[in-house]
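Student: One structure, as C-alpha cells, below. Some questions next.
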Amino acid sequence: MTEKKKQKIVFKLRLPKIKGRQLLKGFLIILVLILSLGLGGIFGAYLTIKDNLPSVDELAGLRPMIISTVYSDDGQPAKEFAAERRIQIPYSQIPPVLKQAIIATEDPRFFTHKGIDYRGILRAVKEDVLRVVIGRKRLHGGSTITQQLARSLFLYPQQTIRRKLKEMFLAVELERKFSKEKIFELYCNQFYLGHGAWGVEAASQLYFGKDVSQLTLPEAALLAGIFRGPGIYSPYNNPEVTLNRRNHVINRMVEEGFITKETGETIKQQPLSVLPLKRSIAEGGSYFFEEVRKYIEKNYGDEALYRGGLKIYTTLNFDYQKYAEQAVERGLRIQDKKYGWRKPGRNLLAEGQIDLGQYWLTGWVGEGLSVNDVEEAIVLEASQKEARVRIKGYTGLMTNKDISWTRSKNLEALIKPGDVIQVAINSVNEENKTAQVSLDQEPLLEGAFLGLDPATGQIKAMVGGYSFKRSQFNRATQALRQTGSAIKPILYTAALDKGFTPASVIIDEPTDFVDKWTGQPWSPKNYDGEYHGAVTLRTGLEESRNMVTAKLLDYISPQAGVEYCRRFGLTSTIYPYLSLSLGAFEVTLQELVSAFSVFPNKGVRARPYFIVRVEDKDGQVLEENVPATEEVISPQLAYMMTYLLEGVVQRGTARQALSLAWPLGGKTGTTNKFTDAWFIGFSPSLCAGVWIGYDTKVTMGNSQSGAVVALPVWIDFFKKVIEDKKKEYLAAQATSHENPEAGDQILIEDFEVPPNLIFVTIDRKTGLLASPACQFPFQEVFLPGTEPTRYCSPQDHLRVLDYYSEKEAREERH
C-alpha cells in the first residue's frame with residue numbers, strides 16, 4: 001500500500017442510529033428525574049423549614065414594647081417610661097406622604113403582591129450579579145415590606161438561603177392572615193429608626209418634635225430612608241450620607257409617580273432640617289415621677305410600666321411644679337451664698353484637657369441660653385477685674401462686680417483657667433453669641449416642697465431635693481425631721497376644742513415644769529429670750545411664743561396633744577412629752593402639709609394621692625382614684641384656726657407674706673440649733689409647705705429660722721400662683737364683657753365663714769371687749785357664748801408688756 005493511500009484511511013466511530021421519538025423519550029425521562037430530584041429537595045427543605053417556623057398566629061397577640069405615658073392634671077403628656085422609645089399609632093394616623101415614601105423605596109408593588117415580589121427578586125438578582133462583578137460583598141435582598149416585617153418579628157438578621165426561605169414562607173402566611181393595612185401599620189411601628197426611637201411616631205418626635213401626621217415631604221423622605229440602616233443614615237452622625245439617602249427616596253417617589261420631577265428637584269435642594277439631638281427636654285417633676293414609677297412597678301410590675309403602653313393620669317400641675325422647683329432652687333442658692341465661696345471642685349487643664357474652646361460639658365443640655373438660668377461654665381481666662389468663660393457656644397463675660405456676694409473684689413483669686421464653675425445668666429446677645437454672667441455655685445443645702453389641693457388631697461407639686469440627679473432621696477415624702485413650731489396649730493386646735501378661745505389669756509413668763517410622763521423637770525425658753533406677760537392665745541400663736549404653747553399643752557395634757565396629732569394624720573412615733581409643744585418629734589413634709597389642709601378645707605382631711613387613673617394601651621381603666629376624706633374637726637373650729645393663722649401672716653412671724661395681698665394663713669417652724677426651717681401655709685384653694693436644711697442635722701447658722709430661710713421660698717411660689725389666678729380671672733371677665741377692678745384689688749377667693757360663729761370687737765392685746773381707750777380694737781371670732789363679757793380697763797392694759805409702746809402702735813396702724 002502506497003503512502004498516499006495510507007493517508008486517506010479515515011477511522012470512524014460507529015454509533016447506533018437513534019430515531020427522533022426515542023431521543024425525545026430519553027430527554028423527558030432525564031428531565032423528570034432532574035425535576036423529581038429538585039422538587040424532592042425543595043419539598044424536603046420545605047418540610048424541614050416548615051417544622052421550625054413560628055406561627056404567624058402569634059402576631060395577633062403580639063405586644064411590642066410600648067411607651068407608658070404619664071399625664072399631668074390637664075391631660076397633657078408629662079413623662080414617659082419605656083425600655084424602648086416606641087409610640088404605637090394606627091394605620092389611619094400614618095400620613096399619605098410617608099406611606100408613599102416608604103412604598104416607593106422599599107416595596108413599590110406592596111399593594112398588589114401576595115407577600116413575595118417575583119419581579120423584585122429578578123431585579124435584585126440582576127443587581128447582585130453586577131455587584132459581584134464589581135466586587136461588592138453586600139447583596140441586594142429583594143425583600144418586600146412583608147418579608148422585612150417577618151424577618152424582624154420572627155427571624156434572625158444573618159443572610160442565608162435557609163433564612164430567606166423561611167422569610168418567604170412567613171411573608172405568604174402574613175399576607176394570608178392579615179390585611180395590607182395591618183401589615184403596613186406593624187411595619188411602621190416595629191423598626192428601630194436610630195438614637196433610641198422605635199417606630200415612625202417616636203422617630204418623628206425625636207427628629208422633628210412633631211406628630212408623624214404632621215410630617216412634610218422632605219421629613220417623610222428622611223424617615224423612609226432611615227429604615228434601611230439607622231446606624232448608617234443618621235442626620236446627626238452622617239449628615240451627608242443621610243442627605244444622599246433622603247434624595248434617593250425622593251428620586252424613587254418621582255419614578256413611582258407619587259410626585260413630579262420638578263417637585264422632587266426642589267425638595268432635593270433643601271438641607272436636612274432636624275432638631276438638635278441634645279436639645280433641652282423638660283425634666284421637671286423628677287421626684288414626683290419617681291413616686292409614680294415606684295407605685296406602678298409595685299402594683300402592676302415593671303413589664304407593664306416599661307412595655308405595656310399604660311396611660312397614667314396624675315394630679316400634677318406642671319405650672320405649679322415649675323414654680324416650686326424654681327423657688328426651691330433660688331431659695332437654696334440665696335441661702336448658700338451666706339456661707340461664702342467654695343473653690344471649684346474640677347479643673348479641666350488639670351485633667352489634661354488642653355482645648356477649652358472645644359470641650360463639651362455633660363451638664364450642657366440644648367444649645368441656647370436663657371436669662372436667669374444657672375449654667376455650668378468653663379473659665380477661659382481670669383484677671384483681677386474681669387473673666388471670660390465659655391457656656392456651650394457662648395462666651396460669657398464677668399466683672400468683679402458680679403462676685404460681690406463672695407466678699408472678694410479679685411476674680412483672679414477665686415477662679416483660674418480650666419475651672420468648671422456655675423454662672424447665672426444676666427443677659428444674652430444672640431447676634432454675637434455673648435452673655436453677661438455672674439458667679440454662682442451649687443448649694444450644699446437641701447430643701448423640699450409639697451403642694452396639694454386641700455379639697456381633694458391631690459398633690460399638685462412635689463420637690464424632693466435640690467437635684468434628683470444629685471440625690472434621689474425624696475425629702476418631701478421620706479425624710480423624717482423635727483417640726484419645731486410648725487406643730488403648734490394642731491395643739492392650739494386641741495386647746496380651742498377643749499374650751500379655750502382666741503381671746504383666752506396665758507401668762508408668758510419663765511416657768512419650770514415637771515413632765516408628767518417622764519418625771520423630769522423641763523424649762524422651755526422663748527425663741528427671742530423675752531417674755532411678754534399676759535398674752536392672748538392669738539398673740540401666742542402669731543408670735544410663736546414657746547411658753548404659751550407649753551402651758552396650753554400642760555393644761556390639756558400631752559396625751560391629748562398626741563391624740564390630735566393622730567387625728568390630723570401624723571403617723572410618726574410621738575410620745576406624750578411636754579416637749580411635744582415645741583415639735584420635738586419627727587414627721588414628713590407630706591404629713592404636715594396634709595394636716596394643715598384641714599384648716600382651709602373646713603375641718604375635713606382629704607388623704608394625699610397623686611394618681612387619678614391608670615389605663616391599659618387599649619384605654620381600659622385598670623384603676624381610678626377619688627378623694628378619700630374624713631372629718632377631723634368641726635367647720636367652726638377649722639375656721640377659727642384659719643382666722644388665727646391668717647394673723648400669723650398679717651402680724652406675726654410670717655408677716656413677709658402680707659405683701660402678696662391675698663387671703664393666706666400659715667405657720668413658721670424652727671428647730672433647736674437652727675437645723676430645720678419650715679413654713680406650712682395655705683390659700684383657700686391650695687396648701688403648701690417648705691422644708692430647708694442639711695441631710696445631716698447640722699446648724700444652718702444663728703437666726704436662720706423658718707421665717708428667714710423657708711418662708712421666702714413659699715412666698716416666691718405663691719406669688720406666681722396668685723398672678724396666674726388674677727390673669728385667669730381677668731381673662732374670664734373680659735370674655736363675659738365685664739369690667740373687673742385692676743391689679744392688686746382683684747380678690748377671687750376667700751375663706752368661707754361657716755354658720756354658728758360670731759365676730760366681736762375686742763382689744764387684741766388683752767382679749768377683753770374693746771373700750772374707747774383700747775389701742776388695738778380687733779374683730780375676733782368666737783363660738784356663741786364663749787365671747788368675753790366685760791370691757792378692758794387701763795389696769796388690763798398694764799398687764800401686757802409694752803402695751804403703750806409707740807413702735808407697737810405704729811406697726812398696728814401700718
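Student: Taking the range 762-786 on its own, how many of its residues are touching an Asp or Glu at 6+ places or on another chain (Cβ under 6 Å) and of a type in the set (Phe, Trp, Tyr)?
Tutor: Within the range 762-786, residues that are touching an Asp or Glu at 6+ places or on another chain (Cβ under 6 Å) and of a type in the set (Phe, Trp, Tyr) number 1.
Student: Filtering the range 199-214 down to residues that are hydroxyl-bearing (Ser, Thr, Tyr) and open to solvent by less than 10 Å² (accessible area, probe 1.4 Å), which residue is nearest to Ser92 (Cα to Cα)?
Tutor: Residue satisfying both the conditions and the ranking: Ser204.
Student: How about the range 286-332: which of its residues are in contact with a helix residue (DSSP H, G or I) (Cβ under 9 Å, 6 or more places away or on another chain), part of a strand (DSSP E or B) and modelled with pLDDT of 95 or more?
Tutor: Within the range 286-332, Ile312, Thr314 qualify.
Student: Return a yes/no flag: does the range 339-348 have any residue that is open to solvent by less than 40 Å² (accessible area, probe 1.4 Å) and within 30 Å of Trp678 (Cβ to Cβ).
Tutor: yes
Student: Starting from the range 89-113, keep only residues that are closer than 14 Å to Met253 by Cα, then list their pairs with residues that are outside any helix (DSSP H, G or I) whose Cβ atoms are within a distance under 6 Å, requiring at least 6 positions of separation or different chains.
Tutor: Listed pairs, sorted by first residue: Leu98/Leu215; Gln100/Phe258; Ile103/Phe110; Ala104/Glu256; Ala104/Phe258; Asp107/Thr144; Pro108/Glu256; Arg109/Asp117.
Student: If we scan the range 574-597, do we find a residue that is in a loop (DSSP other than H, G, I, E, B), open to solvent by less than 10 Å² (accessible area, probe 1.4 Å), of a type in the set (Phe, Trp, Tyr) and under 21 Å from Phe682 (Cα atoms)?
Tutor: Checked against the condition, which is being in a loop (DSSP other than H, G, I, E, B), open to solvent by less than 10 Å² (accessible area, probe 1.4 Å), of a type in the set (Phe, Trp, Tyr) and under 21 Å from Phe682 (Cα atoms), the range 574-597 yields no hits at all.
Student: Further, regarding this structure: Of the residues Ser438, Ser467, which single one is out of contact with any helix residue (DSSP H, G or I) (no Cβ under 6 Å at 6 or more places or on another chain) and at negative phi?
Tutor: On the way: Ser438 fails: out of contact with any helix residue (DSSP H, G or I) (no Cβ under 6 Å at 6 or more places or on another chain).
Exactly one residue qualifies, and that residue is Ser467.
Student: Would you say Glu530 is of a type in the set (Asp, Glu) and open to solvent by 30 Å² or more (accessible area, probe 1.4 Å)?
Tutor: Values: of a type in the set (Asp, Glu): yes; open to solvent by 30 Å² or more (accessible area, probe 1.4 Å): yes.
Taking the combined requirement at face value, the residue satisfies it.
Student: Going through Pro784, Pro788 one at a time, which residue ends up being loosely packed, with under 11 Cβ neighbours inside 10 Å, more than 33 Å from the chain's Cα centre (by Cα), assigned to a loop (DSSP other than H, G, I, E, B) and modelled with pLDDT of 95 or more?
Tutor: Working: Pro788 fails: loosely packed, with under 11 Cβ neighbours inside 10 Å.
Unique residue meeting the criteria: Pro784.
Student: Look at the range 352-374 and say how many of its residues are open to solvent by less than 90 Å² (accessible area, probe 1.4 Å), in contact (Cβ under 8 Å) with a residue 40 or more places away in the chain and farther than 18 Å from Thr406 by Cα.
Tutor: 11
Student: Of everything in the range 519-540, what is more than 20 Å from Asp763 (Cα to Cα), within 43 Å of the chain's Cα centre (by Cα) and not aromatic (Phe, Trp, Tyr)? Give them in sequence order.
Tutor: Asn526, Asp528
Student: Sticking with this structure for a sec: Quick check: anything in the range 633-644 surrounded by fewer than 18 Cβ atoms within 10 Å (Cβ to Cβ) and at pLDDT 95 or above?
Tutor: Within the range 633-644, one or more residues are surrounded by fewer than 18 Cβ atoms within 10 Å (Cβ to Cβ) and at pLDDT 95 or above.
Student: Residue by residue through the range 360-408, note down the ones that are in a strand (DSSP E or B) and of a type in the set (D, E, K, R).
Tutor: Glu375, Glu376, Glu381, Glu386, Arg388, Arg390
Student: Could you tell me whether Phe289 is open to solvent by less than 50 Å² (accessible area, probe 1.4 Å), among the aromatic types (Phe, Trp, Tyr) and in contact (Cβ under 8 Å) with a residue 24 or more places away in the chain?
Tutor: Spelling it out, Phe289 is indeed open to solvent by less than 50 Å² (accessible area, probe 1.4 Å), among the aromatic types (Phe, Trp, Tyr) and in contact (Cβ under 8 Å) with a residue 24 or more places away in the chain.
Student: On to the next question. Considering the range 525-542 alone, what residues qualify as being more than 7 Å from Asp508 (Cβ to Cβ) and in a loop (DSSP other than H, G, I, E, B)?
Tutor: Lys525, Asn526, Tyr527, Asp528, Gly529, Glu530
Student: If you go through the range 422-447, how many residues are part of a strand (DSSP E or B) and over 18 Å from Ile334 (Cβ atoms)?
Tutor: Residues in the range 422-447 being part of a strand (DSSP E or B) and over 18 Å from Ile334 (Cβ atoms): 6 in total.
Student: List the strands (runs of 3 or more DSSP E) inside the range 610-684, counting only whole elements, that have at least 1 residues being without any contact (Cβ under 8 Å) to a residue 12 or more places away in the chain.
Tutor: Here the list reads 621-624.
Student: Criterion first (in contact with a strand residue (DSSP E or B) (Cβ under 9 Å, 6 or more places away or on another chain) and free of Cβ contacts under 8 Å to residues at least 60 places away in the same chain) does Pro230 satisfy it?
Tutor: Taking the combined requirement at face value, the residue satisfies it.
Student: Can we say Glu752 is surrounded by 10 or more Cβ atoms within 10 Å (Cβ to Cβ), touching a Lys or Arg at 6+ places or on another chain (Cβ under 8 Å) and at pLDDT 85 or above?
Tutor: It is true that Glu752 is surrounded by 10 or more Cβ atoms within 10 Å (Cβ to Cβ), touching a Lys or Arg at 6+ places or on another chain (Cβ under 8 Å) and at pLDDT 85 or above.
Student: If I filter the range 671-688 down to residues being more than 30 Å from the chain's Cα centre (by Cα) and of a type outside the set (Phe, Trp, Tyr), which single residue comes out as most open to solvent (accessible area, probe 1.4 Å)?
Tutor: Filtering the range 671-688 for residues that are more than 30 Å from the chain's Cα centre (by Cα) and of a type outside the set (Phe, Trp, Tyr), the one most open to solvent (accessible area, probe 1.4 Å) comes out as Lys673.
Student: Let me ask something else about it. So, Ile722, is that one under 23 Å from Met462 (Cβ atoms) and either under 28 Å from the mean Cα position of the chain (by Cα) or modelled with pLDDT under 95 (or both) or not?
Tutor: Against the criterion (under 23 Å from Met462 (Cβ atoms) and either under 28 Å from the mean Cα position of the chain (by Cα) or modelled with pLDDT under 95 (or both)), Ile722 qualifies.
Student: Follow-up. Anything in the range 414-429 that is in contact (Cβ under 8 Å) with a residue 24 or more places away in the chain and open to solvent by 60 Å² or more (accessible area, probe 1.4 Å)? List them, or say none.
Tutor: The answer is Lys416, Asn426.
The values are calculated or read from the model by the stated rules, or taken from the named source; none is laboratory data. Every value quoted in this text rests on a predicted model; they were computed, and no experiment measured them. Methodologically, a virtual Cβ is constructed for each residue, glycine included, from the backbone with ideal geometry; neighbour enumeration extends over all protein chains shown. We work out accessible area using only protein heavy atoms, side chains counted, and drop any ligands, DNA or RNA first. Shrake-Rupley method; radii C 1.70, N 1.55, O 1.52, S 1.80 Å.
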